[in-house]
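The values are calculated or read from the model by the stated rules, or taken from the named source; none is laboratory data. Please read all numbers here as calculations on a predicted model, not as lab measurements. For neighbour counting, all protein chains shown are included, and Cβ atoms are generated from backbone atoms with ideal geometry for every residue, glycine included.
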Amino acid sequence: MTYDKGPAAGGAERRRAAVLGAALAGCALVAAGTAPAEAHPGGAGRALDYVALGDSYTSGPGIPRQVDAECARSDHNYPSIVAERTEAAAFTDVSCGGATTAEMWRAQGGNGPQLDALDRHTDLVTVQIGGNDVGFGPVIATCARLGAQDPAGDPCERAYHASGADELALAVVRTAPKVDRVLRAVRARAPHARVVVVGYPDLLPDDGSGCFPQVPFARGDFAYLRDTEKRLNLMLRLVAGLNRAAYVDTYAPTVGHDMCKAPADRWIEPLQPTSPAAPAHPNAKGEAAMAQAVLDRLHPGRGRG
């Protein structure tokens, strides 16, 4: 019996979610458990059918040329580059700005459920999702507002610990079973595909330093937000491994090109972009870097084109 349920969960689903939560909270899984690289999904002499699923970090809002205004999708996002470099015979990009895991099963404006793009002929699926489930947008807005009030402190971290627990860490744990359901649904609809989970790039300085007011977070909050993103990426890696999917680390290749860097050096735009891109999102260089990370995972040792 295949699995392709949406957000609603039964008893078995709750038990799996409990196992996932315990594993994440207790670090019972390790990154080394991620599934090893598989052979090229198309095989010799077979045309590659590639489908890209994801949110705005996949779709590339603001990057020329925008080909879907409603989803803020660019034809120079990383899936488009991967499709061109792998010479995919069929390429379907249904990534959409603002998507959460729920949009895998439900329409988003005039765009249908993202999972509907998959079928038994799909060879390769990339999935980059979870940031909006954790609340990337509201978190950035909240931390920017609080940072303007107390630039030398750590008001954002204190706000998200006001309940006595780290609410952002809990949000990551709560997102894990949602991503797990997505990956099992992908397997059910595209049983022969290679599935690749794509992590999120480095948004803030990896050394924890700040750059107020260019990025208006308080000095003490940069390290907290950096660690939150690392926790999200670790969760994606662990859930990918649980589902025998490959994981692509886009964080390490983008260190040193975060939104605090000078315009010529950054691949992630700050809250007031100077290159065509959405605030706190990859620009064209960032999408190209993520594409290269995906290509390196698909074809290790082949070198760069």
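Below is a table of values for the structure above.
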quantity	calculated
Subset of the range 259-277 that is crowded, with 19+ Cβ neighbours inside 10 Å and hydrophobic (A, V, I, L, M, F, W, C) - its residue that is nearest to the chain's Cα centre (by Cα)	Ile268
Filter result for the condition that a residue is within 30 Å of Asp150 (Cβ to Cβ) and surrounded by fewer than 22 Cβ atoms within 10 Å (Cβ to Cβ), over Pro201, Pro253, Pro191, Pro213	Pro213
Long-range neighbours under 6 Å by Cβ, at least six apart or interchain, first residue crowded, with 19+ Cβ neighbours inside 10 Å within the range 149-174, second assigned to a loop (DSSP other than H, G, I, E, B)	Asp154/Ala218; Pro155/Ala218
Residues within the range 39-65 that are surrounded by 15 or more Cβ atoms within 10 Å (Cβ to Cβ) and either at pLDDT below 50 or in a loop (DSSP other than H, G, I, E, B) (or both), tallied	9
Selection from the range 86-104 of residues that are touching a helix residue (DSSP H, G or I) at 6+ places or on another chain (Cβ under 6 Å), surrounded by fewer than 22 Cβ atoms within 10 Å (Cβ to Cβ) and of a type in the set (Val, Ile, Thr)	Thr92, Thr100
Candidates Thr228, Thr274, Thr250 - the one that is in a loop (DSSP other than H, G, I, E, B), in contact (Cβ under 8 Å) with a residue 40 or more places away in the chain and either of a type outside the set (A, V, I, L, M, F, W, C) or closer than 23 Å to Tyr50 by Cβ (or both)	Thr250
Enumeration of residues in the range 155-211 that are outside any loop (DSSP other than H, G, I, E, B), more than 20 Å from the chain's Cα centre (by Cα) and closer than 18 Å to Tyr224 by Cα	Pro155, Cys156, Glu157, Arg158, Ala159, Tyr160
